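Right, one structure below, let's go through it.
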Amino acid sequence: MGIPKKGSRKITVDGENFIWLIRRKATYSQTDYGIGCINIAVEHAEESGSKLVILTDKPHPKDWATTEVKPVVPSEVVSWINQAIKAGWQPKKSGKPFEFIVNS
């Protein structure tokens, strides 16, 4: 299943087009434990393949313990996609989702 077009954003990384999305509705674990972080889904825009799930260290705005909201900016997404590709994500090859954990 692909990323929904509604709410997704386009981004170009090294000449390749991708779409990315932050889920609008927070999950239970992102709101109720004081440790919820933003997760981002990414896929290649033109060819189907494995999805990338970026597990960021940015506090989720709906987490009860979040005191300062730090937005995700496109330049960070570009950097994380590049890092995930270097870590082994193959966006045009089908397979299970590739999880990439952001360490800042």
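Can you return the aspartates and glutamates within cross-link range of K6? Criterion is Cα-Cα under 19 Å, with same-chain partners fewer than 8 residues away left out.
Straight-distance partners of K6: E43, E46, E47.
Under 17 Å from the Cα of K70, which aspartates and glutamates turn up, not counting those fewer than eight places away in the same chain?
Partners within reach: D57.
Provide the net charge surrounding A45, with neighbours chosen by a C-beta distance below 14 Å and charges set as Lys +1, Arg +1, Asp -1, Glu -1.
For residues surrounding A45, the net value is 0.
Relative to the present Cα-Cα distance, how much length would full extension add between E47 and R9 at 0.36 nm per residue of separation?
Full extension of this stretch gives 12.1 nm more.
The numbers here are math on the coordinates, done by the rules we state, and not lab data. Being a predicted model, the structure only gives us computed values, none of them experimental. Here the Cβ is made from the backbone with ideal geometry for all residues, glycine too, and neighbour counts use every protein chain on show.
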